[in-house]
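Notes to accompany the following structure.
Any read-out appearing in this document is the output of simple, stated calculations on the displayed coordinates, not a laboratory observation. Given the structure is predicted, the values throughout are model-derived calculations rather than measurements. Positions of Cβ are generated from backbone atoms using ideal geometry, with glycine treated the same way; all protein chains shown enter the neighbour counts.
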Ligand code: 13P
């Protein structure tokens, strides 16, 4: 059985101090949740303080970074290495978020280098894929996703795949209030699982967790999670508030 995961991507929101309050508030609200893996991905400037709170308060919340550079150290002004993230007890690193791809020009090759660097340093990674609105309207969704997956996972071993989570985030659904219907998300996630199966094997395809991301809210999480292929959510805006994020984490009990 795949353990559900609810991950909060805080993007460029929250100072270090605010991030500490948010993770503490969240931890209190979700303290009874045991069957869902909960992840928070604060801005890198807040990783240290959030990591300390998680350790000192023994919180059952995992720590994620939103980005990484693939070299261990060097003259790369402004970048952060996998060694530095590992040192802060980061569990997961997001690779290939659409904002990195589209605003900062990250290619599949760069995403692949980041993913492999994360895995090589003993952390786990969430590989994000997803099509833009134009690509969907031109019926290119399947091709785009296939390319993102094949190039993104190039050189990742069978063994390393146990440390990979994937996220399907249609770009047109991010921060727009538009959500893919649960059926749309389930279909593409099923295709992603099939592609992983063709690259690796059936067992890896069945074991890998694939999240949905894009305008996930307390009001739509239950129907998304009811779909057989969807193993969790990567949440942006609604993860910035402890109450709404906690409701998403407790999706089974949310009624609207
Ligand atoms: P929203 O939940 O704000 O649409 O963001 C989704 C996302 O990009 C998570 O990584």
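Determine the distance separating the Cα centre of segment 41-67 from the Cα centre of segment 100-139; give it in Å without decimals.
Using only Cα atoms, the two centres lie 22 Å from each other.
Using square roots of five times the C-alpha gyration tensor eigenvalues, list the equivalent-ellipsoid semi-axes of the chain in whole Å, biggest first.
25, 23, 17
In terms of the Cα gyration tensor, with a ≥ b ≥ c the square roots of its eigenvalues, is segment 154-251 rounded because a/c is under 1.5, prolate because a/b exceeds b/c, or oblate?
Verdict is prolate for segment 154-251.
When the chain is fully extended, how far beyond the present Cα-Cα distance does residue 83 get from residue 176, taking 0.36 nm per residue of separation?
30.0 nm
Say R0 is 35 Å: what FRET efficiency, to the nearest 0.05, do residue 21 and residue 133 get from their beta-carbon distance?
0.45
With labels modelled as points extended 7 Å from the Cα through the Cβ direction, what inter-label distance (nm, one decimal) is found for residue 162 paired with residue 142?
3.3
Using only alpha carbon pairs under 8 Å that are at least six residues apart, calculate the relative contact order of segment 1-80 and give it in whole percent.
33
Counting other beta carbons within 10 Å of each Cβ, put 102, 97, 121 in order, fewest first.
Neighbour counts put them in this order, fewest first: 102, 121, 97.
Å³ per residue of the Cα convex hull, for segment 51-106?
Spread over its residues, the Cα hull of segment 51-106 gives 93 Å³ apiece.
Would you mind giving the average projected area, over all directions, of the Cα convex hull of segment 18-70 in nm² with one decimal?
So the Cα hull casts an average projection of 4.0 nm².
Which order do 245, 158 fall in if you start with the one that has the fewest other Cβ atoms within 10 Å?
Listing 245, 158 from fewest to most nearby Cβ atoms yields 158, 245.
So what is the relative contact order of segment 120-256, in percent, for Cα pairs below 8 Å that sit 6 or more residues apart?
With pairs under 8 Å counted, the relative contact order is 23 percent.
Would you please state the base-10 log of I(q)/I(0) at q = 0.12, 0.13, 0.17 1/Å for segment 10-153, with intensities from the Debye formula using one equal scatterer on every alpha carbon?
The calculated log intensity ratios at q = 0.12, 0.13, 0.17 Å⁻¹ are -0.55, -0.63, -0.98.
If you rank 231, 134, 191 by fewest surrounding Cβ atoms within 10 Å, what's the result?
134, 191, 231
Over segment 1-155, what relative contact order in percent results from Cα pairs under 8 Å that are six or more residues apart?
Answer for segment 1-155 is 18 percent.
Under 20 Å from a label point 7 Å along Cα→Cβ of residue 12: give me every residue in segment 225-249 with its amide N that close.
235-241
Extent of segment 68-153 along each principal axis, from alpha carbon coordinates, in Å, largest to smallest?
The Cα atoms of segment 68-153 stretch 43, 24, 17 Å along the principal axes, largest first.
Can you compute the modelled spin-label distance between residue 48 and residue 187, with each label point 7 Å from Cα toward Cβ, in nm?
For residue 48 paired with residue 187, the spin-label model returns 4.9 nm.
With each run of n ≥ 4 DSSP H residues scored as -39500 (n - 2.57), what mean residue ellipticity at 222 nm is computed for the chain after dividing by its residue count and rounding to the nearest 500 deg cm²/dmol?
Result for the chain, helices only: -12000 deg cm²/dmol.
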